[in-house]
Amino acid sequence: MASTLEVPISGAQIPKFQKSVPFYKRVSIPWVVTIAYLVIMLLLPISALLTKSISVGPAEFWRIATSPVALSAYDVTFVTSLAAGLINGLMGTLVAWVLVRYEFPGRKLMDAAVDLPFALPTAVAGLVLATVYSDKGWIGQLFAPFGIKIAFTRLGVLVAMIFISLPFIVRTLQPVLQEMEKEAEEAAWALGATDRQTFLKVILPPLIPPILTGVALGFSRAVGEYGSVILVSSAIPFKDLIAPVLIFQRLEAYDYAGATVIGTVLLLISLVMLFVINALQQWGRRYAAK
Amino acid sequence: MPQSNVSSGIRADLIGPPLLIGVAVLYLALLLFIPAVAVFYEAFHKGFGEFLKAIASPDFLSAVRLTLIATAISVPLNTVFGLCAAWVLARNQFWGRSLLISILDLPFAISPVVVGLMLVLLYGTNGWLGPAFNTLGIKFIFNTPGIVLATVVVTLPFVAREVMPVLEETGPAEEEAARTLGAKDWQIFWRVTLPNIRWGLLYGVLLTNARAMGEFGAVAVVSGNIAGKTQTMPIFVEEAYKNYQTEAAFGAATILALLAVVTLVLKEILERRTQRKGGH
């Protein structure tokens with residue numbers, strides 16, 4: 001893309017220093033800083049984790065990775081994160097739609113508040129969610145009479161994960177909604193389409209890639225979440241213990257092998273999610289270009 | 001309005017929007033507004049005195065100090081790195097560019113607890129580099145350097161990620177013109193590039209700062225959680241809450257929540273600036 005932009009501007013002078021300079025001469029201070037920093041801050045720590053996990057040995061790795069407490073922690077982590085992502089896939093889409101399409105008092109405040117989970121430290125989020133959603137809390141007491149406990153159960157983990165993943169869906173969808181042309185809907189109406197048909201055949205299709213991207217981003221964030229969940233859950237194994245908290249507990253017990261194995265499993269899943277998100281974003285770009 | 005002669009459109013306009021807005025407001029109230037109000041209510045409903053007592057405790061003040069140290073080191077470091085990385089990625093096409101972007105995004109994808117674990121494995125007593133630094137008298141884990149390092153790693157991508165699209169959008173034409181006119185690298189950076197990217201850069205710095213002050217998972221792993229020594233503000237909140245010191249927990253939480261509010265206000269201002277600028 002950049003090259004098509006450069007050609008008409010640069011004319012006769014630029015190509016000579018763009019093409020003929022050998023690679024090693026382009027290596028300037030920014031290059032050195034970027035590569036060195038990424039190696040020291042990211043690649044070195046990641047290699048330390050992977051090396052340690054190889055030194056554990058495949059049989060022992062498999063035994064720890066599939067131990068009952070680990071399996072139950074994956075279950076709580078991934079199923080709850082997925083539920084949080086899907087709930088936000090629906091409700092976040094609704095929020096984005098309302099923010100883009102309607103004008104009403106308090107819209108600006110609502111729009112700004114969507115970023116709160118990005119800005120609010122997770123420890124504070126966990127603290128306040130645990131308070132508000134406890135049996136005697138402002139919201140928890142509405143559910144308590146029905147026997148529904150939220151804080152310090154799996155539902156509390158769900159609420160925390162919904163909280164932190166909400167902005168990912170809204171902020172991914174908003175620009176796409178803003179660029180959507182209302183004329184297409186009006187044309188569909190004018191041609192006799194019903195509300196349902198207009199929604200399903202005109203409005204929804206271009207929104208699917210960004211919604212899926214947002215859900216994937218939110219899911220990926222929820223899987224790794226620690227701060228808010230540790231405060232809102234009871235961290236009891238087989239009940240509401242998530243994988244990051246399990247890693248923490250293993251480290252506190254000086255069980256480095258156990259922590260490393262679970263950490264490697266989480267790392268690999270994060271990498272897979274990174275590729276999934278990249279693929280979804282490319283799909284969305286191609287869809288938008290069409 | 002063309003849709004006014006479509007009957008289904010009128011019905012949808014009268015009933016649909018208020019209902020949808022109502023549901024959206026209710027959802028955000030349960031998730032964001034009520035909890036946000038609750039932070040300040042819990043901190044102040046027993047009077048301002050209790051709040052002041054909570055935030056004047058020596059443990060809290062040393063937590064503030066440690067958080068400020070970690071932020072004061074990680075923000076400038078990641079700003080310099082972010083500018084370099086954004087330039088490398090936005091101004092150059094090379095083999096492995098998208099791989100480099102993926103590596104840059106890793107701290108967003110990896111759980112903060114796993115980041116902390118990696119640092120423990122690398123700089124701990126049995127790690128690759130731990131013993132070497134120990135002989136130099138530098139202890140990373142359960143100590144300030146480890147907390148700073150953890151903060152740096154989790155906040156690494158923000159500046160680079162915010163500056164990169166701005167650089168891509170402005171294009172290299174102005175910089176090349178300056179170079180043709182005889183400007184040196186530093187002059188081009190200060191006089192041409194920096195003014196162009198300043199709002200994006202500030203935005204990245206703002207996000208880095210907010211995350212640095214609020215980071216919990218990665219710091220909790222490497223800190224060892226020693227009161228008055230290796231507690232940052234978020235860890236102080238958790239520790240106070242676990243010890244049933246609700247006032248102290250909410251006192252500290254209020255300070256952090258105020259930080260979030262300031263961040264959101266500044267973000268709003270920066271977004272308006274960039275939009276106005278983009279309009280020209």
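The values are calculated or read from the model by the stated rules, or taken from the named source; none is laboratory data. Predicted model only: the values in this text are computed from it and were never measured. Cβ atoms come from the backbone with ideal geometry, glycine included; neighbour counts cover every protein chain shown.
Could we say that B:Ala210 is away from every other protein chain (no Cβ under 12 Å) and within 30 Å of B:Ala63 (Cβ to Cβ) here?
Answer is no for this residue.
Quick one: what pairs do we get from the range A:212-233, first residue under 11 Å from A:Met161 (Cβ atoms), second basic (Lys, Arg) and not in a helix (DSSP H, G or I), C-beta under 9 Å, 6+ apart or different chains?
Hits for this filter: A:Ser233/A:Lys239.
On the given criteria, is A:Thr131 crowded, with 21+ Cβ neighbours inside 10 Å, among the polar types (S, T, N, Q), over 30 Å from A:Leu204 (Cβ atoms) and over 19 Å from the mean Cα position of the chain (by Cα)?
Against the criterion (crowded, with 21+ Cβ neighbours inside 10 Å, among the polar types (S, T, N, Q), over 30 Å from A:Leu204 (Cβ atoms) and over 19 Å from the mean Cα position of the chain (by Cα)), A:Thr131 qualifies.
Residue under question is A:Asp75, and the condition is that it be at the interface with chain B (Cβ under 9 Å from one of its Cβ atoms), acidic (Asp, Glu) and under 21 Å from the mean Cα position of the chain (by Cα); does it hold?
No: the conditions fail for A:Asp75.
Counting only residues that are over 18 Å from B:Phe216 (Cβ atoms), surrounded by fewer than 24 Cβ atoms within 10 Å (Cβ to Cβ) and either more than 10 Å from every other protein chain (Cβ to nearest Cβ) or modelled with pLDDT of 95 or more (or both), how many does the range A:241-264 have?
6
Filter the range B:57-90 down to residues that are of a type in the set (Ser, Thr, Tyr) and within 19 Å of the chain's Cα centre (by Cα) and give me whichever is farthest from B:Pro165 (Cα to Cα).
So the residue we want is B:Thr67.
B:Thr274 fails exactly one of the following numbered conditions: (1) surrounded by 20 or more Cβ atoms within 10 Å (Cβ to Cβ); (2) more than 9 Å from every other protein chain (Cβ to nearest Cβ). What is the number of that condition?
Among (1) surrounded by 20 or more Cβ atoms within 10 Å (Cβ to Cβ); (2) more than 9 Å from every other protein chain (Cβ to nearest Cβ), the lone unmet condition for B:Thr274 is (1).
Tell me, please, whether a residue that is part of a helix (DSSP H, G or I), more than 26 Å from A:Val232 (Cα to Cα) and either modelled with pLDDT under 95 or more than 9 Å from chain A (Cβ to nearest Cβ) (or both) can be found in the range B:35-48. Talk me through it step by step, then tell me what you get.
Initial filter on the range B:35-48 (part of a helix (DSSP H, G or I)): B:35-44, B:48.
In the following step, the residues that additionally are more than 26 Å from A:Val232 (Cα to Cα) were identified as B:48.
Restricting the remaining residues to those that are either modelled with pLDDT under 95 or more than 9 Å from chain A (Cβ to nearest Cβ) (or both) gives B:48.
Checked the range B:35-48: at least one residue is part of a helix (DSSP H, G or I), more than 26 Å from A:Val232 (Cα to Cα) and either modelled with pLDDT under 95 or more than 9 Å from chain A (Cβ to nearest Cβ) (or both).
Can you tell me which residues in the range A:120-160 are closer than 18 Å to B:Gly251 by Cα, aliphatic (A, V, I, L, M) and in a helix (DSSP H, G or I)?
Within the range A:120-160, A:Ala123, A:Val124, A:Ala125, A:Leu127, A:Val128, A:Leu129, A:Ala130, A:Val132 meet the criteria.
Might you let me know whether the range A:220-229 holds any residue that is acidic (Asp, Glu) and more than 12 Å from every other protein chain (Cβ to nearest Cβ)?
No, because not a single residue in the range A:220-229 is acidic (Asp, Glu) and more than 12 Å from every other protein chain (Cβ to nearest Cβ).
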